[in-house]
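The values are calculated or read from the model by the stated rules, or taken from the named source; none is laboratory data. The structure displayed is predicted, hence computed values, not measured ones. No Cβ is skipped: glycine too gets one built from the backbone with ideal geometry, and neighbour counts run over all protein chains shown.
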Amino acid sequence: MDLLEALSRWTTDILPSREEFLKVIQQKKLVIYHGVDPTGPDLHLGHSTNLLLMRAFQDADHHVILLFGDFTARIGDPTDKTATRKALTEEEIQINLATYKEQASKILRFEGENPVEIRFNNDWLGKMPAADFLTLASHITHQQLIERDMFQKRIQEGKNIFMHELLYPLFQGYDSVAMKVDAEIGGRDQLFNMMVGRNLVKDYLKKEKFVITTPLLINPKTNKKLMNKSEGTYIAINDSPEEMFNKIMSMPDEVVKTCFIYCTTLLMAEIQSIKMPAMDTKKRLAWEIVKFYHDEKAANEAQENFSRVFQQKEAPDNITEIKVGQSEVDLINLLTENNLAKSRGEAKRLLTDGALELDSQVITNSTASIKSDAVLKIGKHRFVKLVVS
């Protein structure tokens, strides 16, 4: 996609001004970065707008850096959080990081002509001497940090604010200094952190840093994020074709057009011609996204699977088999022992919410009598076959 079209489609603001930035990119190649904290194992569609915009810069021959925040992930970005985040261990961070490059490579090029550079902010933040940290801290005031709405809300509610949370914007901001960047890309909820970086670049490097904000995937009716790692409600870039297709089909109708614009590379003229909303429209969205992250064959198969399972009420072809020792089964144990539920509490909620079906019959009792090859449906998207051994 042409860079100017990408900037028009996938940005909300460019500071200090869009006009100045457009003038600069015509004159020279810039160093532009986007940072991701590995606070979970998946990149998701909420990251895709940033990555698609980065790809447009890469194709236009600008130097693009994908920064993995292996230091800042230890803190966790406090943006929009009403409580202190749980600190991650180094082991947890490395586990989360394991497939980030592979996932991002579905959009970005890490080899060949003008490859994206990967950096890790522990390389400079983890080695920062105390004297340098004091110098860094002198570039911002307590009043500036505490004025953020989320912190003011915590103060009013009598909740704690820890010092490491206050310092997070300084650490993220210093990334721009360490890498000597010309611009940073991030969701519009990251504006405060990115502006701290802009000020630090001015102080340390005596130059301008452009801040490019991208739109968030928001449900216009509820004003809530569509992709939320904390709540586990997201569509991962590395989801299987069937899981990705089914999750998209489960999204509310009012977000379909938004996802066409921000999560696909279809031309805007074609998107504007699509009738919204309709079942076929949502299927088209799911097909386009699966095709982008997998391929056309996978998209066709996922669509056929959806029609068979959810419209014709048949079980999917590729279904996991679980062997059970007897015909009387404790479903709570079955779900937790086979990682079909994260905890016994979640397994019980699935049961009480009527989200478990055995051979198309809703289950209300935790102990069930089964015949071999019975199909257990968990929620909307998962099926397993129970085989009595």
Hits in the range 16-54 - residues which are out of contact with any helix residue (DSSP H, G or I) (no Cβ under 7 Å at 6 or more places or on another chain), crowded, with 19+ Cβ neighbours inside 10 Å and free of Cβ contacts under 8 Å to residues at least 60 places away in the same chain: Ile25
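Which of the helices (runs of 4 or more DSSP H) found entirely inside the range 116-218 contain at least 3 residues meeting this: aliphatic (A, V, I, L, M) and within 30 Å of Ser8 (Cα to Cα)? If you could, list the steps in order and put the result at the bottom.
Values: elements: 122-125, 130-137, 142-146, 149-156, 163-179, 191-205.
Counting at least 3 such residues, we get 163-179, 191-205.
Per-residue answers, yes or no, for (1) of a type in the set (Ser, Thr, Tyr); (2) at pLDDT below 90; (3) not assigned by TED's automatic domain parsing to the domain that holds Asn193:
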| position | (1), (2), (3) |
| --- | --- |
| Asp132 | no, no, no |
| Thr141 | yes, no, no |
| Arg148 | no, yes, no |
| Ile155 | no, yes, no |
| Ile161 | no, yes, no |
| Tyr168 | yes, no, no |
| Ser176 | yes, no, no |
Residue in the range 216-227 that is under 27 Å from Leu7 (Cβ atoms), among the charged types (D, E, K, R) and either touching a Phe, Trp or Tyr at 6+ places or on another chain (Cβ under 9 Å) or in contact (Cβ under 8 Å) with a residue 40 or more places away in the chain (or both) present: yes
Residue selected from the range 53-79 under the condition charged (D, E, K, R) and not in a helix (DSSP H, G or I), by the criterion farthest from Val177 (Cα to Cα): Asp61
Residue count for the range 277-288, restricted to those that are out of contact with any helix residue (DSSP H, G or I) (no Cβ under 6 Å at 6 or more places or on another chain) and among the aliphatic types (A, V, I, L, M): 2
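Residue by residue through the range 329-354, note down the ones that are of a type in the set (Gly, Ala, Ser) and buried (at least 17 other Cβ atoms within 10 Å of the Cβ).
Keep residues of the range 329-354 that are of a type in the set (Gly, Ala, Ser), which gives 341, 343, 345, 347, 354.
Ala341, Ala347, listed by residue number.
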Positions within the range 331-361 being within 15 Å of Ala374 (Cβ to Cβ) and either touching a residue at least 12 places away in the same chain (Cβ under 8 Å) or small (Gly, Ala, Ser) (or both), in sequence order: Leu331, Leu334, Leu335, Asn338, Leu340, Leu356, Glu357, Leu358, Asp359, Ser360
Hits in the range 55-83 (condition: of a type in the set (Lys, Arg) and free of Cβ contacts under 8 Å to residues at least 40 places away in the same chain): Arg74
Residues satisfying the stated conditions in the range 14-36, i.e. out of contact with any Phe, Trp or Tyr (no Cβ under 7 Å at 6 or more places or on another chain) and closer than 27 Å to Tyr100 by Cα: Lys29, Leu30, Val31, Tyr33, His34, Gly35
Residues located in the range 26-47, provided they are more than 10 Å from the chain's Cα centre (by Cα), under 20 Å from Arg109 (Cβ atoms) and not in a loop (DSSP other than H, G, I, E, B): Val31, Ile32, Tyr33, His34, Gly35
Selection count where residues are of a type in the set (A, V, I, L, M, F, W, C) and more than 24 Å from the chain's Cα centre (by Cα), scope the range 151-178: 6
Conditions (1) over 18 Å from the mean Cα position of the chain (by Cα); (2) exposed (fewer than 14 other Cβ atoms within 10 Å of the Cβ); number of the one not met by Gln94: (1)
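Residue-wise test of (1) more than 15 Å from the chain's Cα centre (by Cα); (2) in the same structural domain as Ala299 (by TED's automatic domain parsing).
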{"residue": "Leu226", "(1), (2)": "no, no"}
{"residue": "Lys229", "(1), (2)": "no, no"}
{"residue": "Met251", "(1), (2)": "yes, yes"}
{"residue": "Val256", "(1), (2)": "yes, yes"}
{"residue": "Cys263", "(1), (2)": "no, yes"}
{"residue": "Met268", "(1), (2)": "yes, yes"}
Lone unmet requirement of (1) within 15 Å of Phe171 (Cβ to Cβ); (2) at pLDDT 95 or above; (3) in a helix (DSSP H, G or I) for Asn50: (1)
Subset tally (residues that are under 19 Å from Met279 (Cα atoms) and surrounded by fewer than 16 Cβ atoms within 10 Å (Cβ to Cβ)) for the range 222-258: 4
